[in-house]
Every structure is written in C-alpha cells, then in structure tokens.
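Take a look at the structure below.
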Amino acid sequence: MSFWRGRKALVTGGAGFIGRHVALRLAALGAEVRAVDSFYRGSPDGLDSVLTGVELLRRDLLDPEECQAACRGVEVVFHMASRVGPSSYYLQRPTEVLSTNVMIDTQMLRAAVSAGVERYFYPSSVFVYPARRQASPAAPPLKEEEAYPADPPVSYGWAKLLGEKMLEYAAGETPSFRGAVGRLIGVYGPGQDIDLERGAIIPVLLRRAYEYPKRHPFSIRGNGQETRSFCYVDDVVEAILATVERLETSRFAGPINIGAEGRLTILELAREAIAVAEKAIEIDFLPGEPSVWGQAVDCSKARQLLGGWQPRVPLREGLRKTYEFVREKLTREDGTQ
C-alpha cells in the first residue's frame, strides 16, 4: 500500500469496465487518481458517485492536445482506453478498430514521455497470438514468446502488437521512462457492458438468463464447443498494479499473460450462467462460426514475476457477483423492486 499512497496516477478509459476498477483500487490504496474518458460508449451521468475519490474528466484521446493535458503532472499512466467490443465488431469494422487504436496508443505514449511520466502500463490482449494457435478447442495454452511470427485473428490483435512494441521502444530510448505490458484474457465482473449487441459474452449470457423467458431467448451462436478462459476483474487489477510496482527494478516488464489458466467451452459457460440464475432454461443454438476456436494461456511468467500471483475468485463466485450486478442494473432501469 505504501507504494501507491500519494502517487499521482492517470487512468485512461477510466469510465470503462477495467479502467474504472483500476481507478477505484488506486484510490483505495491512497493514490491521487485522475481518470479520463471520451464516453464514446456511454454517459458520465452518475459516475461521480461511483468513482469516489477520483477526478473524472472528459478527454478525447484522438486529439494530441487532450492527451498532453491528461498526462500533465502525473507519475504513472494506466492506458486502459481502447476501442473494444465483441468479436463481431472486430470482424465487421477492422479498419476502424486498427486505425483508431493505433492513433490513440501513439498519441498517449508520446504525451506521457513528453510529460515526464515515470511508469506506464499497457493492457494488451490474448488476440495478439496467431490465429493458427487458436484454431482448435484443445489448442495448447499460449505462451508469451508464441506471439511471433505474428498473425492475429482480428485487427484488434494487430493494434495491440503495435502498442506493445511502441512501449518497448520508448522504454529503451528514454532512461527516465519505464513500461509494462500485460496480455489480458477473458476479464469479467460487475460494471461490464450488458448491451446484448456490444457486450462481452459473460454479461450478455447473465442478462439473457435473468430476462428469460419474458424478454429474450437464451441463445448462443454456433455449437458452443469453442473454449475460452475467464478471470475475475479484481484479480486482474491486482496483477496490473503489481506489474507496475515491479518496474522499480527494471525499465520494461513483459509482455506477460494475465488471466486464469484452464478453460471451458462456451456451452459449459452457458450452463454455469443458468446455474447462477437458478432457472430452468432451454438453450437455443443460432447459426454461426467463431473467429477463434480455442483460447487458453500459460501464466507461469506472471507467477514468477509477480511473486506467485494467481487468480483467487472461482468462476462460480465471480459469476454470482456479476449476475447480482446485472440484476440490480436492470431492476433500476425498469423502475421495479
């Protein structure tokens, strides 16, 4: 805790899912936290009461002057802002995803170095790994060195690979600047977008379970045999902060996989969501093929670098907490008790 007390930190994408959790954790540890967001995917209404102890500002990181203003006077940057969405978004709008994310990453990194920021965390993604290494539900767990030769399955992965390299080069060129990269996989938890079209799979499944059968069928696309790994957001945040703390002894850390080892099929995940909802639900299977058949990671490097770190929250417990968030959010929106 002493490391963060009084330290001035910036969280970009601070109104987003992971960024909000990072900002709140930093504030709880005594840091002076500034969060910036363009609110591209939402509204700032009500966030001041949620982000207790955090300075929340609207900033468009596509504007280099806004990036410079955001970085002014801070010691540590957590660059969590990114154009993200479900796999369908990456497949339907690949140019927008690649160009926008590369522009935001480039301008934020330049601004941070120019402002004299000391430490910088960049959240990369499991999508940096080659498509061929994710082509089977039983594909071996991905290790950090296997990102090359590069062939990400979606443009989002290409953007993240470029972001990783830019930060590595910047840390090598500027003696006073240190950087860390964590490749995140399957982060979920309260606060995640529950929109049925734009949301990630866990909040969408939990919403469908809650609203079943009155509003929506409970459906999954394809046969449900593709595999994924999921990690509760609090565990991911602890790893992110620990990675930045380790920069005390190195100028660049990572990339390291940050997530839960092991995997389950989407069909098994759907059944877990049903179990949490405690309902008798029939699953509908919709036509479709996944862009990735198997995602699992080897986190041995994270355990080694972060003093034995590993996720603590079991999937069923994390799903219960997320389901309660979904239930409360929809209840408020409906104006019911």
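The values are calculated or read from the model by the stated rules, or taken from the named source; none is laboratory data. The structure displayed is predicted, hence computed values, not measured ones. FYI the Cβ positions are ideal-geometry reconstructions off the backbone, even for glycines, and counts take in every protein chain you see.
Would you confirm, using the coordinates I've provided, whether LEU206 is without any contact (Cβ under 8 Å) to a residue 24 or more places away in the chain and closer than 18 Å to ILE266 by Cα? It would help to see each step written out before you state the result.
Values: without any contact (Cβ under 8 Å) to a residue 24 or more places away in the chain: no; closer than 18 Å to ILE266 by Cα: yes.
No; evaluated as a whole, the condition is false for this residue.
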Would you say PHE78 is in contact with a Phe, Trp or Tyr (Cβ under 7 Å, 6 or more places away or on another chain), hydrophobic (A, V, I, L, M, F, W, C) and closer than 28 Å to ARG221 by Cα?
no
Return the total of residues in the stretch 115-153 being under 30 Å from GLU65 (Cα atoms), hydrophobic (A, V, I, L, M, F, W, C) and assigned to a loop (DSSP other than H, G, I, E, B).
2
Would you point out the residue of the stretch 269-307, among those that are small (Gly, Ala, Ser) and closer than 21 Å to ALA138 by Cα, that is surrounded by the fewest Cβ atoms within 10 Å (Cβ to Cβ)?
GLY288
Only residues that are over 13 Å from the mean Cα position of the chain (by Cα) and either small (Gly, Ala, Ser) or at pLDDT below 95 (or both): list them for the stretch 230-244, please.
ALA242
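Could you go through the stretch 164-173 and let me know if any residue there is over 28 Å from ARG7 (Cα atoms), among the basic types (Lys, Arg) and out of contact with any helix residue (DSSP H, G or I) (no Cβ under 7 Å at 6 or more places or on another chain).
Of the stretch 164-173, the ones over 28 Å from ARG7 (Cα atoms) are none.
Within the stretch 164-173, not a single residue is over 28 Å from ARG7 (Cα atoms), among the basic types (Lys, Arg) and out of contact with any helix residue (DSSP H, G or I) (no Cβ under 7 Å at 6 or more places or on another chain).
Looking for whichever is surrounded by 23 or more Cβ atoms within 10 Å (Cβ to Cβ) and either more than 18 Å from the chain's Cα centre (by Cα) or outside any strand (DSSP E or B) (or both) here; the options are LYS165, LYS160, LYS214. Which one fits?
Numbers: LYS165 fails: surrounded by 23 or more Cβ atoms within 10 Å (Cβ to Cβ); LYS214 fails: surrounded by 23 or more Cβ atoms within 10 Å (Cβ to Cβ).
Result: LYS160 is the single residue among LYS165, LYS160, LYS214 that is surrounded by 23 or more Cβ atoms within 10 Å (Cβ to Cβ) and either more than 18 Å from the chain's Cα centre (by Cα) or outside any strand (DSSP E or B) (or both).
Taking strands (runs of 3 or more DSSP E) that do not extend beyond the stretch 1-95, which have at least 3 residues that are within 19 Å of PRO123 (Cα to Cα)?
Working: elements: 8-12, 32-37, 54-58, 76-79.
Filter on the stretch 1-95 gives 8-12, 32-37, 76-79.
Do we have LEU206 as in contact with a helix residue (DSSP H, G or I) (Cβ under 7 Å, 6 or more places away or on another chain), more than 24 Å from ALA9 (Cβ to Cβ) and not in a loop (DSSP other than H, G, I, E, B) here? Working first, answer last.
Details: in contact with a helix residue (DSSP H, G or I) (Cβ under 7 Å, 6 or more places away or on another chain): yes; more than 24 Å from ALA9 (Cβ to Cβ): yes; not in a loop (DSSP other than H, G, I, E, B): yes.
Taking the combined requirement at face value, the residue satisfies it.
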Checking the condition in contact (Cβ under 8 Å) with a residue 40 or more places away in the chain, within 26 Å of LEU24 (Cβ to Cβ) and not aliphatic (A, V, I, L, M), which residue from PRO94, PRO123 passes?
PRO123
With the condition kept exactly as written, say whether any residue in the stretch 64-81 is in contact with a helix residue (DSSP H, G or I) (Cβ under 9 Å, 6 or more places away or on another chain), more than 19 Å from ARG110 (Cβ to Cβ) and not basic (Lys, Arg).
no
Looking for whichever is over 22 Å from GLU248 (Cβ atoms), at pLDDT 95 or above and either of a type in the set (S, T, N, Q) or loosely packed, with under 15 Cβ neighbours inside 10 Å (or both) here; the options are ARG72, ARG110, ARG58. Which one fits?
ARG72
Among the residues of the stretch 309-337, what is the count of those that are at pLDDT 95 or above and among the small types (Gly, Ala, Ser)?
1
Meets criteria (closer than 30 Å to ILE220 by Cα, surrounded by 15 or more Cβ atoms within 10 Å (Cβ to Cβ) and of a type outside the set (D, E, K, R)) for GLY14:
no
Filter the stretch 248-301 down to the residues that are of a type in the set (Val, Ile, Thr) and at pLDDT below 95, then identify the one that is nearest to LEU184 (Cα to Cα).
VAL292
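Limited to the stretch 217-261, what total is found for residues that are of a type in the set (Lys, Arg) and buried (at least 21 other Cβ atoms within 10 Å of the Cβ)?
Filtering the stretch 217-261 down to residues of a type in the set (Lys, Arg) leaves 221, 228, 246, 251.
Going one step further and asking which of them are buried (at least 21 other Cβ atoms within 10 Å of the Cβ), we end up with 228.
Count: 1.
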